[in-house]
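The values are calculated or read from the model by the stated rules, or taken from the named source; none is laboratory data. Treat the numbers as computed from the prediction; the structure is a model and nothing was measured. Here the Cβ positions follow ideal geometry from the backbone for every residue, glycine too, while neighbour counts run over all protein chains shown. To get the accessible areas, we keep the full protein, side chains included, count just its heavy atoms, and leave off ligands, DNA and RNA. Shrake-Rupley method; radii C 1.70, N 1.55, O 1.52, S 1.80 Å.
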Amino acid sequence: MKTKALTLTLLLCGASMAYAQESGYQFTTVVSQKVTPVKNQASTGTCWCFATTSFMEAELLRMGKGEYDLSEMFIVRQKYLNQLEDNYYRKGKGNTGQGSLAHTWINAFKQVGIVPEEVYHGINYNSDKHNHGEMVRYLKAIAGTAVEMKQRSPEYYKLVDNLFDTYLGKLPEKFTYKGKEYTPKSFAESLGLNMDDYVELTSFTHKPYYQLFAPEVPDNWEHQLMYNLPLDELMEVTDYALTNGHTVCWDGDVSEKGFSFKNGVAINPVIKKVEDLSGSDRARFEKLDSKEQQQMLAEAYKFEKPCPEVEVTPEVRQAGYEAFVTTDDHLMHLTGIVKDQNGTKYYITKNSWGTERNAFGGYLNMSESYVRAKTIFILVHKDAIPANIRKKLGI
């Protein structure tokens, strides 16, 4: 395991060095926690599960339990079942999409346990990668028919089980792992993860601080309550966690132009004004129509080097949320902190889009400004929260 951890560290350092050479960003590692290898959610909307699974695998490393490769699709299957139940009682107005949030992992784990990836890889169709497009279309058809008929017959339940068995594979009742026989529940118990130790934290001004509320995002279909912190304290938790042996499961907006997985960074640049353009660029700008002008301004930063970023206050953050600009897009795993040559802080971020879509092994660095503006919530172990903040929250 030490060899694997060292390899990952060298890979990350190598990626940072390559990025510095290619783009002008020069990153220095402040702290980097041990995590498991990058996986690929492929053609699914299951980032919530891949990010939370990665986080829980890192928790097992932190706890000295060793390296595990846990099955995402075992959890995903139970999530789909829970959505079908919720959708029926909401008369077809529930969320039956592929997305969800970190607490969905926790809720499913409590219900059915977990198994290793080698026991349930969740691909029972002609593909080497995950793809839920066809399966979810059938799922929606079954869900809609039950609502229309106002009943769930014995055949309905058989159809649902057969659908998941066909695409994901039959669930194991018992299995042998490293010479010992388990059920999904007993294997979960053997890991020593206490789901009550994990807390979701958010930061919005339209709800009281230090109280619980359910963020109004579509993927929070379980209406899970989260603790609301002032923005500075949310960031304090993130920094405290990463510098004290923990990692952070992160949910936020990746649809911004400043988010560039290909270039290995996510930034929140101050958009240039016309008067900031050079003379030749300004002359070219004045010949463009309004749409082309906006595009030129948007392309002012091309990830070639660090640039000035927005100073994100709670008011700036809230404005983005209320204008539906900051949206709940994607979950990833924060594993450490780096700084660029100007001293700007970035968060080392493990994605679940495989290792081949960028030159940095599937990682990127998100700037502090970007994280302040675009975070929807974080999931951490309660011990990763500074004592003074825990006291305010009563946990």
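Side notes on the structure shown:
- Gain on full stretching of the segment that runs from LYS302 to ALA319 - 0.36 nm per residue minus C-alpha separation: 3.6 nm
- Within the shell of other residues whose beta carbon sits under 15 angstrom from the beta carbon of THR243, the net charge comes to 0, with Lys and Arg scored +1 and Asp and Glu -1.
- Calculated diffusion of region 121-265, Stokes-Einstein form, Kirkwood radius summed over Cα pairs, 20 °C and 1.002 mPa s, µm²/s: 106
- Packing rank of 310-320, 85-95, where each peptide gets the mean count of other beta carbons within 10 Å, highest leading: 310-320, 85-95
- Residues listed by number, region 150-191, amide nitrogen under 20 Å from ALA141 label point at 7 Å toward C-beta: 150-169
- Of the DSSP H helices in the chain, those whose Cα atoms cover at least 24 Å axially and whose Kyte score averages -1.0 or more: 2-23, 72-89, 133-149
- Build a GNM of the chain with springs between Cα atoms under 10 Å apart, and of HIS121, HIS246, HIS103 the one that fluctuates most is HIS121.
- Ellipsoid semi-axes in whole angstrom, largest first, where each is sqrt(5λ) of the Cα gyration tensor of the chain: 36, 26, 22
- Largest-first ordering by accessible area, 1.4 Å probe, given options GLU67, GLU57, GLU292: GLU292, GLU67, GLU57
- Additional length obtainable on full extension of the chain from TYR210 to THR166, 0.36 nm per residue less Cα span: 11.3 nm
- Pairwise centroid distance, computed over Cα atoms, of region 41-112 with region 183-248, Å: 15
- Residue among CYS249, CYS47, CYS307 with the largest mean-square fluctuation in a Gaussian network model of the chain, springs linking Cα atoms under 10 Å: CYS307
- Accessible surface of the chain [probe 1.4 Å, protein heavy atoms]: carbon and sulfur percent: 50
- In region 117-216, a dipole from Cβ-located charges (positive for Lys and Arg, negative for Asp and Glu) runs towards its positive end, and of PRO172, TYR198, ALA188 it is PRO172 whose Cα lies farthest in that direction.
- In nm, spacing of pseudo-spin labels at LYS91 and SER255 (7 Å Cα→C-beta vector): 2.9
- Against the empirical curve 2.2 N^0.38 Å, the C-alpha radius of gyration of region 301-391 lands at a ratio of 1.22.
- Lys, Arg +1 and Asp, Glu -1 on Cβ, resulting dipole of region 76-192 about Cα centre, debye, nearest 20: 360
- Gained length - ASN131 relative to HIS223, 0.36 nm times residue gap less alpha-carbon distance: 30.4 nm
- Rounded to the nearest 20 debye, dipole of the chain from Cβ charges on Lys, Arg, Asp, Glu: 500
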